[in-house]
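Input: a single structure, listed below in structure tokens.
The values are calculated or read from the model by the stated rules, or taken from the named source; none is laboratory data. Fair warning: this is a prediction, and the values are worked out from it, not measured in the lab. Here the Cβ is made from the backbone with ideal geometry for all residues, glycine too, and neighbour counts use every protein chain on show.
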């Protein structure tokens with residue numbers, strides 16, 4: 001008897017028919033003699049419907065109340081799935097964040113899970129119940145409802161799997177695994193049977209949408225065996241492994257691309273360089289991640305720094321920097337939204353210096369100008385004009401995967 | 001400074017425009033210097049939408065999970081109203097049953113409020129916040145979500161008003177008060193400025209839909225000053241009073257009518273009379289109210305009892321009685337759905353024996369045959385064929401209110 005945590009995303013529970021299909025999948029696992037904890041997202045479209053209502057009332061709705069509103073989406077899903085499973089003659093119970101005991105920080109809209117009390121859950125499992133947990137939500141230490149941010153349901157699943165020491169955390173989604181690149185951009189993309197956690201981490205942080213960064217980080221922290229598979233046509237999917245020396249390791253595992261990037265430039269007059277340390281401190285304070293930090297010199301008279309932020313943080317970062325121009329010794333803040341980040345990720349990059357060279361020369365041969373670049377032991381990233389995204393992805397995929405696809 | 005509990009029903013919060021209007025009403029009360037606790041229903045249509053989804057999965061959805069599902073409706077309303085009030089520059093906070101501390105029995109779908117912990121609510125009021133409470137919901141002592149049944153939001157409001165010793169509990173609805181009869185049935189109906197709690201109780205139990213029976217019972221138990229008024233055109237509405245000797249008292253206060261009745265007959269062979277005591281005990285055990293109990297003799301060979309139940313309980317009561325035929329010494333159970341109950345209610349009935357006579361002779365003059373009848377100190381009720389409902393109401397309204405309307 002194994003214990004599986006099975007997470008189903010919004011499209012997997014997007015209609016009553018889909019909920020019936022998920023009920024069948026879960027019951028099948030139970031019938032194989034396993035214990036099952038299910039974690040659900042809101043039915044697809046529901047979260048956006050709720051956000052739309054909130055925005056019609058207030059363009060910047062109160063963040064505490066927005067979390068109260070949004071968590072109803074998952075509550076609907078878990079109740080419906082529990083009904084569908086109970087109707088099939090199996091014992092099931094839905095549990096919300098306060099009933100499971102998912103305690104978070106009080107950052108509404110992007111709370112962090114601080115602790116999961118597993119007593120109740122273990123009791124339910126001992127009573128042979130299928131426990132169906134509302135993902136994405138928590139409670140802070142004052143009992144306020146919080147949400148973990150988009151993709152938070154993956155995090156709930158991984159953290160629950162870690163807390164319960166589950167045998168596997170299975171992320172059922174609308175794709176059947178992790179691909180060498182986004183198949184919608186390059187039809188030659190192929191599925192990886194295995195990917196290491198470090199690589200998955202890099203892929204997720206660089207724009208691969210199959211798993212959210214925070215959930216992969218959580219999996220890595222707890223070494224949770226994580227599998228990505230499709231709820232529409234379940235097979236083995238892709239397993240995220242922790243064995244970094246696998247002989248199956250290829251040099252590059254995947255090409256990631258993201259449009260959700262904005263290039264921000266903090267400029268100054270020549271005699272007065274902006275203080276990068278203070279810029280970084282301000283962003284950290286507001287929970288905004290910055291990446292690809294580069295020193296720049298635009299026009300002769302200005303010197304400064306450029307970096308990228310996620311487009312969700314765009315307006316906030318501009319507001320913060322502009323209201324602290326004196327403090328950070330800057331003169332002017334600019335931003336450029338028409339950009340995309342394209343990256344190659346692979347454990348082999350660190351031991352194969354040729355990869356970086358191949359990467360840049362392939363892009364150069366296609367005439368793709370790179371605006372910024374950044375690399376680490378397992379990735380090489382460039383920022384390009386957004387219009388080059390598809391071309392860059394296909395060029396790099398052909399460069400690193402051409403032989404193996406034949 | 002007074003403390004008002006203001007309850008808004010489904011149509012009052014049925015759209016974002018209506019939520020904005022409610023926000024204006026609440027803010028206006030706050031600006032007059034009063035403390036306000038708001039209690040909300042789900043947006044109109046939402047509860048039915050959720051029930052429909054549940055029934056598509058299971059014709060008899062699990063009752064615990066149905067409550068988890070349905071309570072999302074009120075959660076959406078309170079979050080949205082809080083946002084709308086906060087946007088207007090006032091401090092507001094939404095609170096769910098577990099956050100307020102509304103503790104109920106564990107009868108899913110029709111739980112009773114056992115206790116309200118007011119500490120948190122009082123704190124919020126002391127901080128000058130407008131507290132916005134999700135009606136209709138509670139938590140049992142194991143932390144399961146419960147609902148109070150249809151009309152439960154009125155009960156939440158009244159129980160909160162009692163617990164907080166509020167100066168008035170204002171039930172905002174889509175009608176502007178309590179009428180002498182349903183204006184949709186008789187256009188000559190007129191609004192009552194005052195009605196005693198005992199009369200309101202009788203009217204509610206006999207089919208007047210403006211207030212739910214349980215909420216009037218709760219108001220009466222705690223002597224909560226209760227006012228019914230319209231959220232669409234707020235004025236003084238109708239005040240429910242506790243002064244039964246008012247000189248303004250008329251003999252009959254209202255004519256109530258209900259289609260939600262089913263006549264049930266429990267029949268037996270002549271030598272074997274059914275045991276009424278056991279029938280009553282079975283119904284009590286299953287929380288089913290029976291009314292208008294009458295001994296009957298249908299055909300020569302059968303003797304038995306007839307009574308009425310609410311149509312919601314129809315299928316359940318038939319099932320219970322039929323599976324206990326031997327126990328209750330019965331031979332056969334029949335039911336008749338094509339009936340309606342029409343009643344006159346008034347404190348003056350007990351002191352004026354002419355009322356009952358007037359009541360029956362008025363119906364007889366119009367040729368309306370009564371199937372059953374029942375009376376108490378403050379009401380006279382008859383069961384008639386459903387097709388006579390409107391005629392019976394208009395006849396009785398003309399009989400008891402003709403002079404005063406001129």
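Below is a table of values for the structure above.
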| read-out | value |
| --- | --- |
| Residue within segment B:109-121 that is crowded, with 24+ Cβ neighbours inside 10 Å, more than 26 Å from residue B:389 (Cβ to Cβ) and within 20 Å of the chain's Cα centre (by Cα) present | yes |
| Condition broken by residue B:48, with the remaining ones in (1) in a helix (DSSP H, G or I); (2) at pLDDT 95 or above satisfied | (2) |
| Members of segment B:334-374 found to be more than 13 Å from residue B:385 (Cα to Cα), in a helix (DSSP H, G or I) and without any contact (Cβ under 8 Å) to a residue 40 or more places away in the chain, listed by number | B:350, B:351, B:354, B:356, B:357, B:360, B:361, B:362, B:364, B:365 |
| So residue A:159, is it away from chain B (no Cβ under 13 Å), outside any loop (DSSP other than H, G, I, E, B), surrounded by 24 or more Cβ atoms within 10 Å (Cβ to Cβ) and touching a strand residue (DSSP E or B) at 6+ places or on another chain (Cβ under 9 Å) | yes |
| For residue B:90: the one exception among (1) in contact with a strand residue (DSSP E or B) (Cβ under 8 Å, 6 or more places away or on another chain); (2) more than 14 Å from chain A (Cβ to nearest Cβ); (3) more than 23 Å from residue B:163 (Cα to Cα) | (2) |
| Those residues of segment B:21-44 which are out of contact with any strand residue (DSSP E or B) (no Cβ under 8 Å at 6 or more places or on another chain), part of a loop (DSSP other than H, G, I, E, B) and away from chain A (no Cβ under 14 Å), in sequence order | B:32, B:33, B:44 |
| Criterion (under 30 Å from residue B:323 (Cβ atoms) and in contact with a strand residue (DSSP E or B) (Cβ under 9 Å, 6 or more places away or on another chain)) met by exactly one of B:231, B:253, B:268, B:215 | B:268 |
| Selection status of residue B:209, modelled with pLDDT of 85 or more, surrounded by fewer than 22 Cβ atoms within 10 Å (Cβ to Cβ) and either touching a helix residue (DSSP H, G or I) at 6+ places or on another chain (Cβ under 8 Å) or not in a helix (DSSP H, G or I) (or both) | no |
| Residue check for residue B:111: farther than 30 Å from residue B:205 by Cβ and either touching a helix residue (DSSP H, G or I) at 6+ places or on another chain (Cβ under 7 Å) or assigned to a loop (DSSP other than H, G, I, E, B) (or both) | no |
| Test result for residue A:99, surrounded by fewer than 17 Cβ atoms within 10 Å (Cβ to Cβ), under 28 Å from residue A:140 (Cβ atoms) and facing another protein chain (nearest Cβ under 7 Å) | no |
| Check on residue A:123, within 21 Å of residue A:40 (Cβ to Cβ) and in contact with a strand residue (DSSP E or B) (Cβ under 7 Å, 6 or more places away or on another chain) | no |
| Subset of segment A:54-80 [within 8 Å of another protein chain (Cβ to nearest Cβ), surrounded by fewer than 19 Cβ atoms within 10 Å (Cβ to Cβ) and part of a helix (DSSP H, G or I)] | A:56 |
